[in-house]
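Scroll down for the structure; my scribbles are underneath it.
What follows is calculated from the coordinates using simple rules that are stated; it is not laboratory data. Source: prediction; values computed, not measured.
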Amino acid sequence: MTSGLRRRVVLLGAPALMLGMPPARAQGTAPIRIVVPFAPGGGNDVFARQMARGLGELRKQTVLVDNKPGVGGNLGSEQVVRAPADGNTLLLGHTGTVSINPALYPKMAFDPQKDLLPVAMFASSALVLVVPVNSPVRSVAELLAQARTWPGGLNYASSGAGTGGHLTGELFSQKTGARMTHVPYKGTAPALSDLVGSQVQLMFSVVPAALAMVKGGRLRALAVTGARRSPLLPEVPAMAESGVASLADFESTLTYGVLAPRGTPETVVKTLSSQMLQVASTADFQSRLDVEGATPLLGGPQEYAALIQRESAKWARIVKVSGATAD
């Protein structure tokens, strides 16, 4: 592991990393299936496939990735909830599916905190606040000044209602008092395209999607939303470094982890957790996180459960105040 990666690893009470642990025997002939409740190609899918490869090698067992997109991640998540609680069907979860969706979808057929067991968390990723390169705005403070004078307030794009980009904008508005109007798009690409064309004034985007446009001089990055700077944009300050007092504690990140159906035996969960944390601690796995603009955040079942609870309470408040819906 490089020294840079080592500095970015956050170990949250994970004594069970067991780096010297020998490969476990396969629990049976059935393969393990990691359900990704989104289409192939995104960060969820990339992380799941990296974990599946490492876990399969460690356990000497087939580990498959099964993409089940639909209903903002609820379709695939519910399939895991309804699956046998034997450790062979797992969910690649993140903040949106396990902490935000319950507030956005009041009639969900399951409760992530009651019906799923956290196994291990392994990564966190921030968003980046970007504006068109021809915008006169060059800092967060200047953006807030523009918001005070712009007729009707600023328009900010997102990849859809209820997404991390949408709710991060709501959090930003609530903390700063900035007048902003949400403009949802059907995906990140069209939102960024209109931002480049100055059809909207700003966007909180996932870092990999905006990176090429920032490096290519089509967008200007003002800040990232994590507690620390992004490895892909080390020159861009964190929001807390913006010099705006109301943003001193600003943080909006997506946490990635694995969950199992409620009722999965504790011994199975503990074994899977130790093995997944072993995989996630390798330089190979963390270099993949680096490429996706994520940083390691390692924790076992208790740490992951506590984080889900905190994030659920935080985003429920934001959803309620903003009136955001998934429609």
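Less than 5 angstrom separates the built amide H of R220 from those of V131, V133, all sequence-distant by 5 or more or on a different chain. Each residue of the range 180-192 was assigned a 3J(HN,Hα) from its phi angle through the Karplus curve 6.51 cos²θ - 1.76 cosθ + 1.60 (θ = phi - 60°); the sequence is 9, 10, 7, 10, x, 10, 8, x, 6, 4, x, 5, 5 Hz, with glycine and proline shown as x. According to the square roots a ≥ b ≥ c of the eigenvalues of the Cα gyration tensor, what is the shape class of the range 243-303, taking rounded for a/c under 1.5, prolate for a/b larger than b/c otherwise, and oblate for the remainder? Note, shape of the range 243-303 comes out oblate. Size descriptors for the range 126-247, from the alpha-carbon set: Rg then Dmax equal 12.7, 36 Å. The ellipsoid equivalent to the alpha-carbon distribution of the chain has semi-axes of 35, 21, 17 angstrom, derived from the gyration tensor eigenvalues as √(5λ) and listed largest first. Separation of the alpha carbons by more than 31 angstrom is noted, of K107/K186; K186/K215; K270/K320; K186/K270; K186/K314, for K270/K320; K186/K270. Compute the helix-to-body angle for 301-322: its Cα long axis versus the longest principal axis of the chain, expressed 0 to 90° and rounded to tens. With rounding to tens, the tilt is 30 degrees.
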